[in-house]
Every structure is written in structure tokens, then in C-alpha cells.
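The values are calculated or read from the model by the stated rules, or taken from the named source; none is laboratory data. The model shown is predicted, which means the values in this text are computed figures rather than measured ones. Every residue, glycine among them, receives a Cβ derived from its backbone with ideal geometry; neighbour counts consider all protein chains shown. Accessible surface is based on the protein model in full, side chains and every heavy atom, while ligands, DNA and RNA are left aside. Shrake-Rupley method; radii C 1.70, N 1.55, O 1.52, S 1.80 Å.
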Amino acid sequence: MQSNLIDALFIFILAAFIGFEVIRRVSPLLHTPLMSLTNALDAIAVVGAIILVGEHKSNFATVLGVIAVIAATSNVVGGFLITDRMIKMFKTSRPTKS
Amino acid sequence: MTDFAGNQTIIEFVYLIASVLFILSLKWLSSPSTARHGVWAGELGMLLAICGTLLHQGIVDYKWIAIALVIGSGIGVPLGLVQMTAVPQRTALSHAFGALCVTLVGSAEFYLRSPDVPGFMMAVLSMEVILGGLTFTGSLMAAGKLQEILPQRPLTYKGQNFVNLLLLVGAIVVAVYLVMNPGAKQFFPVMLGISLVFGVLLVIPIGGADMPTVISLLNSYAGLSAAAMGFVLNSKLLIIAGALDGSSGLILSVIMSKAMNRSFTNVLFGAFGQVQTAATGAQEAKPVRSATAEEAAAILEAANKVVVIPGYGMAVAQAQHKVRELYDVLTRQGVDVRFAIHPVAGRMPGHMNVLLAEADIPYDRLIEMDEINGDLPQTDVALVIGANDVTNPAARNDQSSPIYGMPILDVDKAHTVMVIKRSMSPGFAGIDNPLYYLDKTLMLFGDAKSFVNNIVRELSGVHA
């Protein structure tokens, strides 16, 4: 238990540092897609909710889990969809210059 | 038993690959040329992670999982197809959904495990539920304000910060009690309830202009609550995704608060919107110069360098496509047209960029504040469309101004300034803008969309 916790803390800190370094480089141009993309990635919480529903430990837990899966899945689908739509819109003027 | 262990190893490997894909996804987002790869990497990672999870040994019933996945996708598709002008409220709503998921899973885990919850686990679980709960209601409030279902103006009352602080302390006290007595099930709803109320009260005093900071902050909270959930479920993938989302939100919050000259602690403790009240309107009617679309067109045509400063007003008037026509007609006539983007223009980070990109304006024409400010003194015409506070020179030279110290676009340094505005009434923040009374400033009164349209008609009429 204790070593699990320490491992988890290590992972959290390292991932946070990677996050800072990677996201600092994202152009302000793309800050809105960045937010919708991280939002979609964050919905990976669906994984926990799926297990909660599937294990069916109690009716109460299953009901909460089903709602959780619905909420997270809508973020996954909607988040990726809108991020892709936004990014497709960004075009340069260079190729069209004559 | 060996089969069980084998399956578990496969799942962990799949999660590892998904984690790598998530990090690559954000890395590729750094530039518009690779950004779509980023989205694909994220999608692939997500797909792998969900499929891997379905292999989980403990799952006995797939029916409800399938039903929930289908319903969720059904809700997600329309949410992914909203108009670009509705992106801020959509984003707020998805923060709420993410937080809802985390809060529900956290609550279920508590009731399944209580009273057998180790101290640290209970602390993390409390953090997950408190952060998730306040993000859920806070984001719903923000979405409601942005959708204009709720009043956009800040609702403030005496002792607001004190009440908020009291609630936060209350939630933490209950959490500490639960850590010491994890069997006290009756106190769990109290903690959850306080955090839900806290989320509402946190966002109530926030006005539209502060929304970019708030949305970023809620983004960060949503990420941190997901990371806490990762600790509870001992899921490394979830910890990584939550940490990435949390740091992303934090970086954006810091950028936004700097762009509004608020200290980060000021933002963290929800002391938004206090600034608004100090302003007093201009008592004496100062003279302004106004111009017609015809005159404005003539000035733009004679210019070599034009910088357009878009703001939330452009989004409200849905004027971005007309602005694009203006950009086209001026560019054809050899005028150099660029767009100056203030970090907090609009209602969320990068809002203006998305709207202008939607209107097919090339992104290399969208220039950030620090870069364009050096060029503004050499600019012939600065055309302000629906922006106000981010152009207010009082932020630079009037110490008594409520926005003193906020970095602004130095619009007043351009040779000629034109401002499209509905009327002289002070904007949302109620702060008078001395820019409008300068000798070189021409006020163009009217709706942004129709006024830009008139200018375009004048310009193309001459050269038809």
C-alpha cells in the first residue's frame, strides 16, 4: 500500500512536469483547441467508471457508474470531435500567395 | 490465476501506450501544422484505453456499460458540432461533465469501501469529491452565464469572500473528520453538499470579462480531481491524464491572470470581479469624433498597414465572416492587414483565434499582443471591433483606473484609430475608455456586423 502510494506520487509529479514543459510550448493561437483536447483526454476517467459499472458491486454503485460513463463518454466523443473541427480551420496564407 | 495475471499485464501495457499517446498528443498540439496528428494520437490512446479496460477481469456485466457508452456518444456528438461562437459555454459544460464523472465514481468508491478506508486514501478521496463537486456546479454556473441563461453581470454581496472561505474550511473540516473516522458515512453527503454549494458561490460573483480565467481554473480543478481519482483507483493512466490536464489549466490560468494584471492568489481564491465597482462614468460629455462607413472606407483604402483589434463584441455580433470580407477586399488592394489578439479577448483562452480561423482568416495574420505592440506606432489605421478594456490607455498611465497595470494593446499609438461601437455607453466593466476621446480617434457607431458590411460595400463599390 505504502509503496503504491509513493509510486503514484512519483508518477503524478513527473507527469505534471511533462505537462508543464509540453503545454508551455503550445502556441496561444491554439489555446482553445488545447483546452478542448485536454478535456477529452481528462475524460479517461471513463475507465474507472466502466470498471465500477462492470463489477456491479451494488445497485447504487452501478447507477452512479452508468451516469459517470455517460458523462465521460460525451466528453470523449464531443471533445475530440470539436477539437478536430477547430484545428481543421487553421490555415496559413503562404500556400495561396501568388 | 495465471490467466488473470496475464490479462492484467496486457491491460497495464495498453495503458502505458495510451499514456505515451496522450503526451504526444499534447506535444503535437504545439503547432497548427502537426496539431491534427495530436488529435489522432489522443483518439487512438483513448480507444486503446477503453478497449483495454473492457478486458478487465472483474467485469461481470457488459450490458450497462454498452448502454452508457451509446447514450454518452449520443450526447457527445451534438456537443461536438456546436457553433464556434458557442465554444466557451460548451467547454464549461464539458468541464462540468468531467467533474460529474469523477465525483460520482468517488462517491461510489466511498460507499463501497467505508469504513475500511486507510487515512491517506480517505484524504485523496475527499479531495477528489470536493474538487469534483465544486468544479461540477461552478462549471454549470459558468456555462449558464456564457449561454446567457443566468445573468452575466457579477452578483456580489457583503462578506462574500468570508462566506466562501467559511464553506471551504467547513468542507475541509468534514474531510479531516472523515479521514479520522472513515466509517462516519452520514458525514460524506455533508462534505459533498458543501462543495456543490461552494462551486455555485465561487462563480456567482464573476462577470463575463473574467470568464477566460475562470474557465482555465475550472479546467485545472477538473484535472486535479481526475488525478486524485487515479490515486484512489491506483490507476497510473488516470494520474497522468489528470496531471496533464491540471497543469494545462494551471498554465492557462497563469497566462490569463497575468493578462488581466491579477495576482495568481487573487484568482485562486475566487476574488474575481471586485474591480468592476470602482469605476465612475464620465460626468461631463466629452466631445468625440464620429464617422460614416464611407469615410472609414476612404481612410482604410489610403492606408498601407491596418491592424484589426477584435473583441467579444465581434463574437456577439457574429461579425467574423464580414471581417473576413473586409480583410479580403483590403488585401486585394495591397493593404497589409493583421489582427492583434489580446490574451483575454473574448470569453476563453484563444477564443478570437478560433473565430477568425473559422472565418478562414489565415493564422499567420493573427499576431499576439507582445509582438504587435512594437508595430502599432508604425500602423496607419487601428480598427477596433468590439474590444474595449484591452485597448484602454488608462491601464498604462492612469493610476486611479481600476484596470491600471493591465497589459494592453497600444492602439492609441497608431496614426489613426477607428472604433466600431454601438454607443458611447461604457462597456461591461463600466470603465471609461480615454481612447475614444483622442483627436485621432474616429467612432463608428453601429452594429459591428452591419457596419463592417457597409465598409466592405463602399470599398468594393469603388473598385468594382
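Any residue that is open to solvent by 20 Å² or more (accessible area, probe 1.4 Å), of a type outside the set (A, V, I, L, M, F, W, C), in a loop (DSSP other than H, G, I, E, B) and closer than 21 Å to B:PRO212 by Cβ - is there at least one of those in region B:326-333?
No, there is no match, as no residue in region B:326-333 is open to solvent by 20 Å² or more (accessible area, probe 1.4 Å), of a type outside the set (A, V, I, L, M, F, W, C), in a loop (DSSP other than H, G, I, E, B) and closer than 21 Å to B:PRO212 by Cβ.
Please specify each residue of region B:201-240 satisfying the condition of being without any contact (Cβ under 8 Å) to a residue 60 or more places away in the chain and closer than 30 Å to B:LYS158 by Cβ.
B:LEU201, B:LEU217, B:SER220
Let's see how each residue does on (1) closer than 30 Å to B:GLY405 by Cα; (2) of a type in the set (A, V, I, L, M, F, W, C); (3) in contact with a helix residue (DSSP H, G or I) (Cβ under 9 Å, 6 or more places away or on another chain); (4) modelled with pLDDT of 90 or more:
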{"site": "B:ILE240", "(1), (2), (3), (4)": "no, yes, yes, yes"}
{"site": "B:THR265", "(1), (2), (3), (4)": "yes, no, no, no"}
{"site": "B:ALA271", "(1), (2), (3), (4)": "yes, yes, yes, no"}
{"site": "B:GLU284", "(1), (2), (3), (4)": "yes, no, no, no"}
{"site": "B:ALA298", "(1), (2), (3), (4)": "no, yes, yes, yes"}
{"site": "B:VAL306", "(1), (2), (3), (4)": "yes, yes, yes, yes"}
{"site": "B:ASP328", "(1), (2), (3), (4)": "no, no, yes, yes"}
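Being without any contact (Cβ under 8 Å) to a residue 60 or more places away in the chain and in contact with a helix residue (DSSP H, G or I) (Cβ under 7 Å, 6 or more places away or on another chain) is the filter here; which residues of region B:141-151 pass it?
The answer is B:ALA143, B:LEU150.
Please indicate, with yes or no, whether at least one residue in region B:71-90 is more than 9 Å from every other protein chain (Cβ to nearest Cβ), free of Cβ contacts under 8 Å to residues at least 60 places away in the same chain and more than 25 Å from the chain's Cα centre (by Cα).
no
Residue-wise test of (1) surrounded by 24 or more Cβ atoms within 10 Å (Cβ to Cβ); (2) within 7 Å of chain B (Cβ to nearest Cβ).
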| residue | (1), (2) |
| --- | --- |
| A:ILE13 | no, no |
| A:PHE17 | no, no |
| A:GLU21 | no, no |
| A:ARG24 | no, yes |
| A:LEU37 | yes, yes |
| A:LEU41 | yes, yes |
| A:ALA45 | yes, yes |
| A:ALA49 | yes, yes |
| A:HIS56 | no, yes |
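Mind listing just one residue for me: the one in region B:53-65 that is touching a residue at least 24 places away in the same chain (Cβ under 8 Å) and within 8 Å of chain A (Cβ to nearest Cβ) and, of those, least open to solvent (accessible area, probe 1.4 Å)?
Residues of region B:53-65 touching a residue at least 24 places away in the same chain (Cβ under 8 Å): B:53, B:55-57.
Then drop every residue that is not within 8 Å of chain A (Cβ to nearest Cβ), which leaves B:53, B:56.
Values: B:THR53: 1, B:HIS56: 38 Å².
My answer is B:THR53.
Can B:ILE408 be described as outside any helix (DSSP H, G or I) and either in contact (Cβ under 8 Å) with a residue 24 or more places away in the chain or open to solvent by less than 50 Å² (accessible area, probe 1.4 Å) (or both)?
Working: outside any helix (DSSP H, G or I): yes; either in contact (Cβ under 8 Å) with a residue 24 or more places away in the chain or open to solvent by less than 50 Å² (accessible area, probe 1.4 Å) (or both): yes.
In short, yes.
Given A:ALA68, A:ALA45, which one is small (Gly, Ala, Ser), within 17 Å of the chain's Cα centre (by Cα) and modelled with pLDDT of 95 or more?
One residue alone meets the criteria, A:ALA68.
How many residues are in a loop (DSSP other than H, G, I, E, B), facing chain A (nearest Cβ under 7 Å) and surrounded by fewer than 24 Cβ atoms within 10 Å (Cβ to Cβ) when one looks only at region B:337-359?
Total satisfying the criteria: 1.
Looking at B:ALA68, B:ALA35, B:ALA41, can you tell me which residue is facing chain A (nearest Cβ under 9 Å), over 21 Å from A:VAL69 (Cβ atoms) and of a type in the set (Gly, Ala, Ser)?
After applying the criteria, what remains is B:ALA35.
Using the structure shown, decide if B:PHE445 is aromatic (Phe, Trp, Tyr) and open to solvent by less than 40 Å² (accessible area, probe 1.4 Å).
no
B:ALA96 fails exactly one of the following numbered conditions: (1) modelled with pLDDT of 95 or more; (2) open to solvent by 20 Å² or more (accessible area, probe 1.4 Å). What is the number of that condition?
So B:ALA96 meets the others, but not (2).
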